[in-house]
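Structure first, then comments.
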Amino acid sequence: MLEKALVGDKKYWTWVGFLLVVIGIGFIAYLRQLANGLTVTGLSRDVTWGFYIAQFTFLVGVAASAVMVVLPYYLHNYKAFGKLTILGEFVAISSVIMCMLFIFVDMGQPFRIMNVILHPTPNSLMFWDMFVLSGYLVLNVLISRITLDSERKGIAPPGWIKPIILLSIPWAISIHTVTAFLYSGLAARAFWMTAVLAPRFLASAFASGPALLILIVFVIRKYTRFDPGKEPVQKLAEIVTYAMAFNIFLILMEVFTVLYSSIPEHIEHFQFLFLGLHGNNTLVPWMWTSVILAILALILLINPKTRRNESVLGVACVAVFASIWIDKGLGMVVTGFTPSPLGAVTKYWPTWNELLIAIGVYAIGFLMVTVFYKITLSLRGEISAPAKIEEKARVGSTV
Amino acid sequence: MGIDRRKFLTIAGLTAASVIGRKALGDSLSVAPESNLLPEENRLIGHRWAMVVDLRKCKEQHNCTKCIDACNAVHNIPQFDNPKDEVKWIWKEHFKEAFPNQEKEYILEGLLETPITVMCNHCDNPPCVRVCPTQATWKREDGIVMMDMHRCIGCRYCVAACPYGSRSFNWRDPRPFIKEINKDYPTRTRGVVEKCNFCAERLARGQMPACVEACEEKALIFGDLEDPDSEVRALLRENFAIRRKPNLGTNPEVYYIV
Ligand code: SF4
Ligand code: SF4
């Protein structure tokens, strides 16, 4: 099947080549970090987790969101998602791998990573996070492989895969829940220590993931003959709407609890996020952008007229995705450390080196999605009759 | 034949391993004859080690840093110019940072300006131990919370979990930043976490912690909490002492007499 990724037009190869260059730059930046230590990042004694761990947290959500296409299709027999499930699963696989890479580049001693397996520590949530993430990866690889294979052969998927697909649904929930527990179990960090963290994570994941999937559908619809039709896109848009509304609701719950109880330890973090604290207002413009994007997205999504208009929907999806990325990929982690338990307010902003590594990891993810989609779409091209002839003619002419 | 050869290789391998092993052990023994692998006759034994900091005495000696200097020297603690990379085992904090939930304004007038000596509290219920995914941080039977620098993967989860900011990460290679290397204590590598260890290596040799020994004012007192006749117990009996963030249930074993 992999050979399908090796034939493509110029556009395809330009895109792949571009990603490879970005990955190469990221890799060089990583070598620099390996040689000098994590001191090349903007992290410090007070802010010990930053951009890498934040991207990890955000991407766990994107990975978990595959469940939003798998669940309606397999559990409620919602046929319109048929063509999308595998695309969702591929996004999940790529996201989980990016998550693992982000953890890896954040480690002080990356070559000791096996210690987590050699000395399993059930009392550490990091152990469980590793367990659920790798389990989720295995499940999705297996499911996509089997279903794609049957699709290629034009037969129904084997019966034994169904329970595994069903298992992947609670499993997807578990990866984001355990990731939230990683934070919400720490008494030292008031900002994270909230029971709504896991539900909040899930709500934001179920908004940002499907929003991304809609955008991906728009892109591949433009460049290939793939089209799942209008209906599943609209269904996804509804999912984004409800999840986004619920996400905002949960954030407001949090804000109320913190502001009304007015415990200084809890308020300070929110001050840092939205007003700035002791002259440190690095995140303030970002957070307000996130708020405005969220409100804009909600208005566009709730109104059926704008939601049904696909170009407006595209704008709304970009707004949802960007808003949640700022919230999780920038705000969530650093704010837990600002102020520190001893009241220190230390500025943190990712350095260039850190950003290049992160962009490199994202490029690896994009490359994986591209290759997976290429394979799937070429296979599908073979299945449908008119496309089959066209594809053969094209392959024939290049050979 | 095949079996014979395999057997031969196994024996050869084992022999080589044991030679290397013995050599490594022999080397380490020659470097540190009083290595804590060996039960030292005069080693100090406690059931629950604890520290008492007498702030009344620290108050008199505002600018004194003897305890900190001693610890830095004994444990090869690097001194970086950039505070971002900082490694600290014992240091001073303002009262309101060390005790953020304590009633202050008028009740503790006078104490507010006193620099508070802080270090790892060797909590009885340590969150740093709970979160560590590799058991690189663990608690000894005598209550000392220890670090295994060879095990640590540098994930810094323990740093996020410690409510007292007691842990430092080696953002860069510490060795070039150690003023004078003390050969009796290992230097650390980049990428691992470290913190105060209540001088476990000195207790094993029958010595008191370096900071306690260096404090001429006797503001730092170390001892066994489970021994009713110990000095720490006597001090806690006769004075009012507070602990940092007791509401978190970590049960810190560093007490501050106010
Ligand atoms: S003070 Fe911090 S590092 Fe020390 S034992 Fe307690 S939680 Fe762990
Ligand atoms: S940084 Fe080291 S000691 Fe701390 S939790 Fe990770 S592995 Fe354990």
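Find which of B:154, A:356, B:83 sits farthest along the positive direction of the dipole of the protein assembly as shown, computed with +1 on the beta-carbon of Lys and Arg, -1 on that of Asp and Glu, about the Cα centre.
The Cα lying farthest towards the positive end belongs to A:356.
In degrees from 0 to 90, rounded to the nearest 10, what is the angle of the helix A:264-274 Cα long axis to the longest principal axis of chain A?
So the inclination is approximately 50 degrees.
Can you give me the accessible area per residue for segment B:203-258, using a 1.4 Å probe, in Å²?
46 Å²
Taking all protein chains in place and a 1.4 Å probe, what share, in percent, of the accessible surface of chain A do carbon and sulfur account for?
Numbers: 12470 of 17090 Å².
Of all accessible area on chain A, carbon and sulfur atoms account for 73 percent.
Which aspartates and glutamates have a Cα less than 18 Å from the Cα of residue B:66, not counting those fewer than 8 places away in the same chain?
B:54, B:93, B:180, B:213, B:216, B:217
With every protein chain present, what is the per residue accessible area of segment A:245-284 (1.4 Å probe, Å²)? Walk me through the intermediate numbers first.
Working: 2280 Å² over 40 residues.
Accessible surface, normalised per residue, equals 57 Å².
What does the buried accessible surface come to for B and A, summed over both chains, with the probe at 1.4 Å? Round to 100 Å². Intermediate results must be reported in sequence, preceding the final value.
Numbers: alone 14670 and 18800 Å², together 30130 Å².
In total, this chain pair buries about 3300 Å².
How would segment A:1-100 be classified by its alpha-carbon gyration tensor: rounded, prolate or oblate, with rounded meaning a/c under 1.5 and the a/b versus b/c comparison settling the rest?
Numbers: a/c = 4.02, a/b = 1.43, b/c = 2.80.
Taking the square roots of the gyration eigenvalues as a ≥ b ≥ c, segment A:1-100 is oblate.
For the residue pair residue B:242 and residue A:160, what label-to-label distance in nm results when each label sits 7 Å from Cα along the Cα-to-beta-carbon direction?
Each label point lies 7 Å from its Cα, and together they span 6.5 nm.
At 1.4 Å probe size, with no ligands or nucleic acids counted, give the accessible surface of residue B:185 in Å², nearest ten.
30 Å²
Taking Cα centroids, how far is segment A:1-71 from segment B:179-197 in Å?
What the calculation gives is 34 Å, centre to centre.
Between residue B:125 and residue A:11, what's the calculated FRET efficiency when r is the beta-carbon distance and R0 is 60 Å? Round to 0.05. List each step's numbers first, then the result.
On the way: r = 59 Å, r/R0 = 0.99.
E(calc), rounded to 0.05, equals 0.50.
As a test of the formula, what do you get for chain A when each DSSP H run with n ≥ 4 contributes -39,500 (n - 2.57) and the sum is divided by the residue count, at 222 nm and rounded to the nearest 500 deg cm²/dmol? The partial results should precede the final answer.
On the way: 16 runs with 291 residues, N = 399.
Computed mean residue ellipticity for chain A: -24500 deg cm²/dmol.
Quick one: Karplus J couplings for segment B:246-258, per residue in order, coefficients 6.51, -1.76, 1.60, θ = phi - 60°, nearest Hz, x for Gly and Pro?
Here the 3J(HN,Hα) series is x, 5, 7, x, 7, 6, x, 10, 10, 10, 10, 7, 9 Hz.
Quick one: helix A:230-261 against the long Cα principal axis of chain A, what's the angle to the nearest 10°, folded into 0 to 90?
With both axes taken from Cα atoms, the answer is about 10 degrees.
With a/c under 1.5 counting as rounded, go ahead and sort segment A:138-245 into rounded, prolate or oblate using the C-alpha gyration tensor (a ≥ b ≥ c being the square roots of the eigenvalues; past the cut-off, prolate if a/b is larger than b/c, else oblate).
Oblate is the answer for segment A:138-245, as a/c is 1.5 or above yet b/c matches or exceeds a/b.
So which aspartates and glutamates can residue A:162 reach, going by Cα to Cα under 18 Å and dropping same-chain residues fewer than 8 places off?
Result set, ordered by chain and number: A:89, A:149, A:151.
For the full complex of protein chains and a 1.4 angstrom probe, list A:306, A:257 by accessible area with the highest value first. Don't jump to the answer; show the numbers that get you there.
Numbers: A:306 35, A:257 80 Å².
Ranked from most to least accessible, the order is A:257, A:306.
From other protein chains only, count the Cβ atoms within 10 Å of every residue's Cβ in A:109-118, then give the mean.
Numbers: counts 14, 3, 2, 10, 3, 2, 10, 4, 2, 3.
Partner Cβ neighbours, averaged per residue: 5.
Which net charge results for the neighbourhood of residue B:123, defined as the other residues with beta-carbon distances under 11 angstrom from its beta-carbon, given Lys and Arg at +1 and Asp and Glu at -1?
Values: positive: B:130, B:139, B:243, B:244, B:245; negative: B:124, B:253.
Summing Lys and Arg as +1 and Asp and Glu as -1 gives +3.
The values are calculated or read from the model by the stated rules, or taken from the named source; none is laboratory data. Everything numeric here is computed off the predicted structure, so don't read it as measured data. Glycine gets a Cβ as well: all are built from the backbone with ideal geometry, and neighbour counts include every protein chain shown. Just the protein is used for accessible areas: all its heavy atoms, side chains included, with ligands, DNA and RNA removed. Shrake-Rupley method; radii C 1.70, N 1.55, O 1.52, S 1.80 Å.
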